[in-house]
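The values are calculated or read from the model by the stated rules, or taken from the named source; none is laboratory data. All of these numbers come straight from a predicted model, not from anything done at the bench. Note that each Cβ is placed from the backbone with ideal geometry, even for glycine, and that neighbours are counted across all protein chains shown. Only protein heavy atoms, including side chains, enter the accessible area calculation; ligands, DNA and RNA are left aside. Shrake-Rupley method; radii C 1.70, N 1.55, O 1.52, S 1.80 Å.
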Amino acid sequence: MTKLGVNIDHSATLRQARYRGLENETSIVIEPDPVEIALAAERGGADSITAHLREDRRHMQDADIKLLRQRITTKLNLEMACSEEIIKFASNIRPDYVCLVPENRLEVTTEGGVNLVANKDKTARAIEILSGAGAVCSVFVDPDEIQIKIAHEIGAAAVELHTGAYANAWGNPPKKLGELNRLAAAQKFAESLGLIVNSGHGINYENVGELVRAAKFNELNIGHTIISRSLLVGMERATAEMKELINAR
Ligand code: PXP
């Protein structure tokens, strides 16, 4: 059965909108608390919790990741770039999974997969260190054979296929079908190499059904749409609704 990883970054985005720099202040109520959001996602059926510790700390803070590590009862998936500082932090935290992503400080959200042709050695080194710290290492890549092949070559246990192009093609059925076929072919290819195959980015309540029917992913990592829906129905229910759609496959 395809699992659901819930990305809780945007609960921290909301907190930072008001309390940036005051995260450790004890005399006021700092809300929302991303850890409580994660626990609610777990009650709603999340199989893992994903958090991206960005170099500019725009949403998740180091203390959030430490608390998540202590308090969640599912798996912790740390999304991160191959930066020395974050690799060191992650090695101490020992997340269950790591997903290596490209990072550009000017982007609003992750915009594309890692280009492993250009970043092979750097990524290989990060995988070596983080696997040594006990993490199942994944690389976020576009659904291209060359990227998947290199991920396998450098020792990744998993890939997360970038579903952004599929999500962005929603209003254009022929393009959407093309992207869906591309994801399905990439999933099969990655699986044939023995990789665990996850996917994520831009998946929402509308487009998840076609995606899970087109390809058999181990896990979907979904954030923005669940956090958005939670404003209306609460985190537990928003997560449970997504789980239901995935299970209806
Ligand atoms: N997977 C990766 C690698 C991501 O960078 C993100 C966005 O942070 C997601 C999944 C979740 O994307 P979304 O918030 O669009 O569901």
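Comparison of Val139, Val114, Val208, Val159 shows that the only residue that is over 16 Å from Tyr97 (Cα atoms), modelled with pLDDT of 95 or more and open to solvent by less than 10 Å² (accessible area, probe 1.4 Å) is Val208.
Contact map, the range 19-32: first residue over 15 Å from Asp62 (Cα atoms), second residue modelled with pLDDT of 90 or more and part of a helix (DSSP H, G or I), Cβ cut-off under 7 Å, separation 6 or more or different chains; pairs are Ile30/Arg15; Ile30/Tyr19; Glu31/Arg15; Pro32/Ser11; Pro32/Leu14; Pro32/Arg15. Considering (1) touching a residue at least 40 places away in the same chain (Cβ under 8 Å); (2) open to solvent by 70 Å² or more (accessible area, probe 1.4 Å); (3) within 15 Å of the ligand (Cβ to nearest atom), the lone condition that Asn168 does not fulfil carries the number (1).
Output the residue which, of all residues in the range 173-195 that are among the aliphatic types (A, V, I, L, M) and assigned to a loop (DSSP other than H, G, I, E, B), is most open to solvent (accessible area, probe 1.4 Å). Restricting to residues being among the aliphatic types (A, V, I, L, M) and assigned to a loop (DSSP other than H, G, I, E, B), the top hit is Leu193. Are any of the residues in the range 56-65 open to solvent by less than 10 Å² (accessible area, probe 1.4 Å), touching a residue at least 60 places away in the same chain (Cβ under 8 Å) and assigned to a loop (DSSP other than H, G, I, E, B)? No; the residues of the range 56-65 include none that is open to solvent by less than 10 Å² (accessible area, probe 1.4 Å), touching a residue at least 60 places away in the same chain (Cβ under 8 Å) and assigned to a loop (DSSP other than H, G, I, E, B). Can you confirm whether Pro102 is outside any strand (DSSP E or B), at negative phi and in contact with a strand residue (DSSP E or B) (Cβ under 6 Å, 6 or more places away or on another chain)? For Pro102, the condition - outside any strand (DSSP E or B), at negative phi and in contact with a strand residue (DSSP E or B) (Cβ under 6 Å, 6 or more places away or on another chain) - is not met. Checking every residue in the range 117-136 against the condition of being under 30 Å from Arg69 (Cα atoms), within 15 Å of the ligand (Cβ to nearest atom), in contact with a Gly (Cβ under 8 Å, 6 or more places away or on another chain) and outside any helix (DSSP H, G or I) gives zero matches. Trp170 fulfils the conditions (1) outside any helix (DSSP H, G or I); (2) within 17 Å of the chain's Cα centre (by Cα) except for a single criterion, (2).
Here's the yes/no breakdown for (1) acidic (Asp, Glu); (2) away from the ligand (no atom under 16 Å from the Cβ); (3) out of contact with any helix residue (DSSP H, G or I) (no Cβ under 6 Å at 6 or more places or on another chain); (4) open to solvent by less than 30 Å² (accessible area, probe 1.4 Å):
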position: Glu36; (1), (2), (3), (4): yes, yes, yes, no
position: Ile49; (1), (2), (3), (4): no, no, no, yes
position: His52; (1), (2), (3), (4): no, no, no, yes
position: Ile72; (1), (2), (3), (4): no, yes, no, yes
position: Met80; (1), (2), (3), (4): no, no, no, yes
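If I ask for residues that are of a type in the set (Gly, Ala, Ser) and open to solvent by less than 30 Å² (accessible area, probe 1.4 Å), which ones from the range 233-249 would you list?
Of all residues in the range 233-249, those of a type in the set (Gly, Ala, Ser) come to 234, 238, 240, 248.
The answer is Gly234, Ala238.
Quick check on my filter: what residues within the range 54-70 are within 15 Å of the ligand (Cβ to nearest atom) and in contact with a Phe, Trp or Tyr (Cβ under 8 Å, 6 or more places away or on another chain)? Ile65, the sole residue that qualifies.
Mind counting the residues in the range 211-232 that are touching a residue at least 40 places away in the same chain (Cβ under 8 Å), closer than 20 Å to Ala165 by Cβ, open to solvent by less than 50 Å² (accessible area, probe 1.4 Å) and away from the ligand (no atom under 11 Å from the Cβ)? Adding up the residues that qualify gives 3. When the range 1-34 is filtered for residues that are within 14 Å of the ligand (Cβ to nearest atom) and part of a helix (DSSP H, G or I), the ones remaining, listed by number, are Asp9, His10, Ser11, Ala12, Thr13, Leu14, Pro34.
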